[in-house]
Every structure is written in C-alpha cells, then in structure tokens.
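Remarks on the structure that follows.
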C-alpha cells in the first residue's frame, strides 16, 4: 500500500482521505459513532471555545471573560499549548481541529475525538441517560437568546446576579438518581410560557398556607416541607422559591440543564479519555500495519502520545494528581491484554473476562461503567504495580500521615477500593440537601450538610450561602451534621 | 460519514463581550491597578497595554467545598520507599498538593493577572481626568493617516475605476490582438478586388477569398471591446501624515514642599500633554528640568523620584530652558511646548524675573505653555506675576488644582485649537 501522505502539511483533501481510512478501520473494530462534523479553527477561535466550557454557542457572562483572559495570557506567554482538539457531545459530533496542527496531529485528533470520544458519547450509559446529543446545540441557542432577551428587558446586572448565584450552585443542580427527560428546544419554547404560568399558580398554593392562621393541631404543624430531603438545590429553588420572577426561574432552569448535561463528563474523565486514547493508539497502529502511514508519521505520533500519557509521580514538581489519560489508557490496554494474554493472576482476579473476546469486553466496559465503578471493577494488580499506587490516610486526629496500602498482594484490594472512592463525586463534593422550609413562619430555608468522615465545610461556605439567600429570597440556614445526626456546626445568612 | 468544515474565516473574538463584562465587573479594581501603573510608568511609555493584577479572592467563583480536617484517604502514584504502616510527617500544604509550578510562585497565587490592551488602558487613564469624549478619541486614535494616490492597480472597487486608462488599455490590447489579422485581411481584399476585375463573378477563387475574409473578420470580431484584463483602478494607500517634530519641556519644583502626592498629580499633567503631542507630531522629545534654587536637566527617574530640600528659584529653570532651546531646539525646526508644575513657592524677588523671562524670551518661541499650581490655597507672588503673562499671551494657560480631574481645563485651549 502507498502511504496517504509523506509531508507534515495537511490539506482538506488529505483530511478527507485520513478521515475515510480511520473511519473504515474504526468500523472494522465495531465502533458505533454519531456522524462527525470536523471544523478547522484558528488558535483565537480555540481560545474562544475554551472559555465557554467548549460549547459552540453560549450565553454571555463575566466569568467566561475571566477564563478567556486567563487562557489568552498563558497562551501568549507560551506557558500553555492549546489543546489540539475540542469535541462536543452532540449529534452530529462536532470536533474542532486547530489549524496549526501537522497532518500527523490532525490524524491523531480525528482518531481520538471523532471516533474515540464520539463512540463513548453515543454509547456510555450515563451519556445516554443524561444528555440529549440531538438537542444540545439547539438548546444552547435557545438559552443564549433567552438570556440575551432577559438582559434587554430586565438589565444586564439583574441577569448577572441570578447567573452568579446559579453558577455557585451548578454542581447541586443534578438529580443523581432520577433520569431527566430529554431536551428539545422547540418544546422548551412552547412549554416555557405554560410552565411560567403553571409554576406561579403552584407557588401560590404552597404559600397560601403561610398566611398566619391559628395553629390547628400539633401534628399538622410539624409536617415538614419538603417531606423528603431534596438533593437538587437548583431544582428545588426553581420550583419553590417564593419571590423569583418567571424569567428568573427559567434562568435557574437553564443553568441546571447545562449542569446536568456536563454531569456525565465529570464522572467519566478517566474512562472517556482512556477510551479515546486507547482507540487513537489502536487505530493509527492499524493504519501503520496496513502501510497507509509512514514511519516518520508514527514517530511523531508516538512522541505526542507519550507526552499525553505521562504520569509524574507524587514527589515530582509537576505532580497534580492522577492523569486521566495515563490511567485510562493503561486500564483499557490492560483489559485487552487480560482478554488476549491472561496470566494466572488475571484468571484469579478476573475469571469472567480473562481469555474472552477483547472487543466485546471493552465495549461492555465502555457502555456500562463510570470512573468509580470502572476502577472498582477493572483496576488490575498489574496496573497498580505499573503506577506504583499507594494509599495515604490523612486523619486530623493523628499528627502523622499513615500509609495504608501499597502495590503488593496485601494492598491491591485496599488501594483499589480507596482509589475508586476517590472518583465518587458524592465524596468529592460536600453532601448538602434541602431539609426544611419554614412555610408557616419566616419562610427560611434550612439546608443540611451530612458529614462524611468528619470532613467539615470549607471557607467558601458563607459566600455560597449568600448566593442561596439571593435566590431563595428569605434567610437561609445550613446545619452540618455528624453521621450520628448531631448538628455540629451551623451557618446562617439572614 | 464526516463533514469537514473550514471555520477559520468565521469571526473570532466571540469572547469579546465576555471580556468587556469582566472589565465592567471589576471596574474599580482595574482602575486602581491602572492608577498604580501610571505612577510607575515612564512618561514616554504611557501609550501601551498593561498587565493588571486583581486579588484572586475578588474574582473567585465560590462553590461548596470541603475544608481541611476530618479523615481523608487518597491514592497517589510513584511509590518508592513506602510500605504499609509507614508514618510520615504531614506536609505543610496537605497531601497531594506538593509541587507548585515555578511560574505560579512568581505570579503569586493570590492574584488574578491579565493584560489590558493599549486602548483599554488609555480608557481607564482618561477616566480620572474627566476628558471630553472628543478629546479622548483624539488622543486614543493611532497616529494620523492620510490616504494618498499611488498609481493604478488591476483590481479595486468599481467606484475607483479609471475609465480613460481602462479604455486606453483595451485599445492597446485590441490593436495587439487584431493587427496581424487586419493586415492579412486588407491584403486579401486587395487581391479580391484585382481578381474581380480580372475574372467572372463565379470564379471559385473569389469564393475561397470571400470565405477566408469572412473567417478573419470573425476572428477580429471575437476580440472583445473591453476585457476585465483592461480595467484599471485608482489606487490609494494610507501613509502617516507628515508632521513636524515637537519638544516638550517638563519643569518641576522639587524643593522640600513638593511631596510624592503632588508629584503624582504633576506626572498626570505631563502625561496628558505628552499624549497630546504624540498624536500630533511625528517625533516628540521630552526634556525634564527640575529645580529648587538651581535647575538641572535630569532623566525621568530622577525627575519624579528625587527630593531636595531648600528654597525655590523658579527663574533658574526658565533660564535653563531658554539655554537648551538656544542650543538644541531651534524654534524654526521644532514646535516647543512647556509644562510647569509647582506648589507656588518662590523667592519673592524672583517672580518678577520669571515674568520678564517668559514674556521677553520664552513665549515668542513657544507654541503653548501650561502652568499648574498644586494644592496651594494661598497664592503668592509667582501666581500674580504669571497672571500678568496670561493677560498678554493667549497661549499661556494656568490653573490651581487639588484633584486630577481638574487638570484637563489647563489644556482646554490647546485641544480646542485641535478641533478647529
């Protein structure tokens, strides 16, 4: 076979040919993808995209300006290279390619984003349940127009205030267990007016009882609202905050919806990047075997591949936690190895997959797991040894740190379990829920923080509470509870 | 199926709106930072962007977070010497967050740093000075450009089409492309005539000739009257307006009574004049003269930051200025501007000398002279003597100020002249 190209310059014809070949090989491996929309952009455009969470359209907010200034500064000073690519979970799947890339890099990016990430977006259960790839771009357009309209009608500052407060609670706008209904811009628009009216009547019902009446009976008075604690703070506020205007509720909803759209990405960093990295590696190696790319191409490709999966150790000056590309790639490759060349150890640890068809096993893993469960299920002793993982216990009642497990027979299970917990968003973010609204009295809202491992709330708490106060409209309390149900710390914002 | 789209020509700067919003939100902080920068900058360096720092806590976007304490178990890579049960001292910053990159420590973790563009920087600088809008745009615009003729080009806007040249070109082209055919045609016609004279009308040779002539005529007709190739457009290019050169004399009293505050005020006064001159002259020299009882030509650093004690003799500075003009800046080649800042102190006998120096020797050579008296409620001899100068010279401006916003009126006449 004659190689597709020799030099490092790319052209649109070459991009098409590479994409066709990579797509063919990907289909041979059974990757199931959305159609691709590959867009070539300049570095300025990449910086623009960067600063609005990678979205092609987004509403305006000062915080994105801050992000932009930051990116621009580090880029201009050469501190940071721009990502080679950005990919959006949409149908068709939009991938941005930087014009400065060489042909090799463009091929790498196409394999990584347009076939790796793309198939992950389309098939992973979290993305399937939580995001509507068909509707997201339309919804973003709707959101931007709606917010721009609000700015015109109610003033930029009023809108900015609401957005600030919503952003502070963005991570608490997600239903962790209920599956949300799919998005659709047309329906959003149609239902929006209806919803506004309906909500207002609902509210009136809820607050009708707040007109002080004589207490009827003790039982009724003690009935709590909401009956069950609510973990989705933004949802609760959107539906129940007494004073919000309909347009303000709509903005709360927009931020909530976008937070929800981003939620699966936060839970699958290792898997998503690992999957994409594994496939760009596998697909391009296949092209090399077929003689479609040159040795020079492979040298350049392997150079940047190696950089991407570099994992500094804990005492390295550049250490900044686990590199999801490195861990994900190692685990995906290891899964294939367990299927193809299982050792005696693998048979003990993974009896059900050792020696199985690797394509089916990887596909199964990609579809049905998130980082936390993926690590709990598939992190092998071999990868633990490869990364020389160890677990450290930092207990503030001890004056020293304790090593609780290392990469040895005794430690594998413990390290794996601790490591998997480390990717549980529920542990990373404080567990805060709506506990009670004083519907008969001062309408105050009480949130509860359920402490896990005695970990207290950080120094931003008061400030976030002020944002909750702004949305709720009345005073807000936050109680921090030990597992035994005792309130150990309280915050107030009147 | 993939679609490949070239988006490079799409508008960039999608974030411009967000950037503006950011600046608007942190208006107060940016303004403070700009004010600091102005005091630190050199006068001739005022016309560029600036790196701005804002305390990170102001720009932070808070979220619920875990605080320090409690029980945390973390996994890290790269174990070398640890075994289970080892106890190690707690690192200062908590586990995991050991190495900070070198650049972070230089910038300081507590600041949000970004670059302001030159336009943005000047905007903030002007804000304090309460300049009229027209003056602002006048100062902020790039050096004046003028569009001049630069011959002709083969493409351009239809409005710039040069008809005469285009037709002349067309004629030349037509001539070049048809001359050989025309020559041949007239030869054939002559031949035809002689044949007709000699032979009957139905001679096959006549028919052949007629056919050949017709073919030539078609070839000639096929050459278009006007081709896009012929079109010529007037070309215009932008060149900087050729302007003369200017020199600006900064005179400042550095005697003990001028404290740093007053000097900062004076600096803005000099800056404004400098910006004005930069816009109007191709080359602007700045001369710094400081004085107490004796005057001295110094560099900018010494001008703004050294402090002397002792009395004040203003005429010493004026004398030095006169000497420098005589030696280096002939009024015939240079536009000379003077700006003097002082707190009004002067030896009583000296003020009269200043007046006569100005009226007789300096003012005839100067374009403009501005005198700024800073934070002095009790005007003395110098002020009243200068008032007499102002009566005689319309290009002499003077003012007492307490705040930066009062600087601009000193230059009002100067800028008004510009507008006209």
Residue in region B:362-373 that is farthest from the chain's Cα centre (by Cα), counting only those that are within 16 Å of residue B:317 (Cβ to Cβ) and in contact (Cβ under 8 Å) with a residue 40 or more places away in the chain:
B:362
Go over the candidates B:293, B:312 one by one and state the one that is part of a loop (DSSP other than H, G, I, E, B), modelled with pLDDT of 80 or more and in contact with a strand residue (DSSP E or B) (Cβ under 9 Å, 6 or more places away or on another chain).
B:312
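When you scan region B:49-90 for strands (runs of 3 or more DSSP E) that lie fully inside it, which ones turn up with 3 or more residues that are at the interface with chain A (Cβ under 8 Å from one of its Cβ atoms) and buried (at least 19 other Cβ atoms within 10 Å of the Cβ)? Walk me through how you get there before you give the answer.
On the way: elements: B:50-55, B:71-76, B:87-89.
Qualifying strands (runs of 3 or more DSSP E): B:71-76.
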Yes/no for residue B:170 being touching a helix residue (DSSP H, G or I) at 6+ places or on another chain (Cβ under 6 Å) and at pLDDT 85 or above:
yes
Looking only at region A:339-354, and only at residues there that are touching a residue at least 12 places away in the same chain (Cβ under 8 Å) and not in a loop (DSSP other than H, G, I, E, B), the one that is surrounded by the fewest Cβ atoms within 10 Å (Cβ to Cβ)
A:340
Do we have residue A:159 as within 12 Å of chain B (Cβ to nearest Cβ) and modelled with pLDDT of 90 or more here?
yes
Working only within region A:73-97, note down all residues that are at the interface with chain B (Cβ under 9 Å from one of its Cβ atoms) and at pLDDT below 80.
A:73, A:74, A:76, A:77, A:79
Would you be able to say whether some residue in region A:137-154 is touching a residue at least 12 places away in the same chain (Cβ under 8 Å), in contact with a strand residue (DSSP E or B) (Cβ under 9 Å, 6 or more places away or on another chain) and closer than 30 Å to residue A:97 by Cβ?
yes
Given (1) closer than 26 Å to residue A:466 by Cβ; (2) at pLDDT 85 or above, identify the lone condition not met by residue B:110.
(2)
Some residue of region B:301-309 being surrounded by fewer than 17 Cβ atoms within 10 Å (Cβ to Cβ) and within 26 Å of the chain's Cα centre (by Cα)
yes
Could you go through region A:387-410 and let me know if any residue there is within 19 Å of residue A:351 (Cβ to Cβ) and either in contact (Cβ under 8 Å) with a residue 12 or more places away in the chain or surrounded by fewer than 17 Cβ atoms within 10 Å (Cβ to Cβ) (or both).
yes
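So, residue A:42, is that one away from every other protein chain (no Cβ under 11 Å), surrounded by fewer than 20 Cβ atoms within 10 Å (Cβ to Cβ) and out of contact with any strand residue (DSSP E or B) (no Cβ under 7 Å at 6 or more places or on another chain) or not?
On the way: away from every other protein chain (no Cβ under 11 Å): no; surrounded by fewer than 20 Cβ atoms within 10 Å (Cβ to Cβ): yes; out of contact with any strand residue (DSSP E or B) (no Cβ under 7 Å at 6 or more places or on another chain): yes.
Here the answer is no, as residue A:42 does not meet what is asked.
Would you be able to say whether some residue in region B:200-223 is touching a strand residue (DSSP E or B) at 6+ places or on another chain (Cβ under 8 Å) and under 30 Å from residue B:163 (Cα atoms)? Explain how you work it out, then say what you get.
Taking region B:200-223 as the starting set, the residues that turn out to be touching a strand residue (DSSP E or B) at 6+ places or on another chain (Cβ under 8 Å) are none.
No, because not a single residue in region B:200-223 is touching a strand residue (DSSP E or B) at 6+ places or on another chain (Cβ under 8 Å) and under 30 Å from residue B:163 (Cα atoms).
Within region B:1-18, which residues are in contact with a helix residue (DSSP H, G or I) (Cβ under 6 Å, 6 or more places away or on another chain) and modelled with pLDDT under 85? Walk me through it before giving the result.
Of all residues in region B:1-18, those in contact with a helix residue (DSSP H, G or I) (Cβ under 6 Å, 6 or more places away or on another chain) come to B:2, B:4, B:12, B:14-15, B:18.
Within region B:1-18, B:12, B:14, B:15 meet the criteria.
Consider residue B:390 carefully, then state whether it is touching a residue at least 12 places away in the same chain (Cβ under 8 Å) and at negative phi. Steps first, please.
Working: touching a residue at least 12 places away in the same chain (Cβ under 8 Å): no; at negative phi: yes.
Taking the combined requirement at face value, the residue does not satisfy it.
Does residue A:138 satisfy being under 17 Å from residue A:255 (Cα atoms), modelled with pLDDT under 95 and more than 11 Å from chain B (Cβ to nearest Cβ)? Steps first, please.
On the way: under 17 Å from residue A:255 (Cα atoms): yes; modelled with pLDDT under 95: yes; more than 11 Å from chain B (Cβ to nearest Cβ): yes.
In short, yes.
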State all residues of region B:13-32 that are buried (at least 19 other Cβ atoms within 10 Å of the Cβ) and assigned to a helix (DSSP H, G or I); if no residue qualifies, say none.
B:18, B:19, B:21, B:22, B:23, B:25, B:30
Here is a list of conditions, (1) buried (at least 19 other Cβ atoms within 10 Å of the Cβ); (2) closer than 20 Å to residue A:31 by Cβ; (3) touching a residue at least 24 places away in the same chain (Cβ under 8 Å), and residue A:336 meets all of them except one; can you say which number that is?
(1)
Please indicate, with yes or no, whether at least one residue in region A:98-109 is within 12 Å of chain B (Cβ to nearest Cβ), over 30 Å from residue A:244 (Cβ atoms) and part of a helix (DSSP H, G or I).
yes
For region A:355-472, please list each of the strands (runs of 3 or more DSSP E) lying entirely inside it that holds at least 1 residues being more than 12 Å from every other protein chain (Cβ to nearest Cβ).
A:431-437, A:445-450
Residue among A:319, A:325 that alone is part of a loop (DSSP other than H, G, I, E, B), within 14 Å of chain B (Cβ to nearest Cβ) and modelled with pLDDT under 95:
A:319
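Would you point out which residue out of A:59, A:34, A:18 is surrounded by 22 or more Cβ atoms within 10 Å (Cβ to Cβ), modelled with pLDDT of 90 or more and more than 23 Å from residue A:292 (Cα to Cα)? Full working, then the answer.
Working: A:34 fails: surrounded by 22 or more Cβ atoms within 10 Å (Cβ to Cβ); A:18 fails: more than 23 Å from residue A:292 (Cα to Cα).
Checking each option against the conditions leaves just A:59.
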Residue B:38 versus (1) closer than 20 Å to residue A:59 by Cα; (2) more than 7 Å from chain A (Cβ to nearest Cβ): which is the lone unmet condition?
(1)
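Check whether at least one residue in region B:210-230 is surrounded by 14 or more Cβ atoms within 10 Å (Cβ to Cβ) and modelled with pLDDT under 80, and report yes or no. Break it down into steps so the answer makes sense when it comes.
The first filter runs over region B:210-230 and keeps only residues surrounded by 14 or more Cβ atoms within 10 Å (Cβ to Cβ), leaving B:212-213, B:216, B:219-220, B:223, B:226-227, B:230.
Add one more test, that the residue is modelled with pLDDT under 80, and what stays is none.
No, region B:210-230 has no match at all.
The values are calculated or read from the model by the stated rules, or taken from the named source; none is laboratory data. Everything quoted here is computed from the prediction, not taken from an experiment. Glycine also receives a Cβ, built like all others from the backbone with ideal geometry; neighbour counts cover every protein chain displayed.
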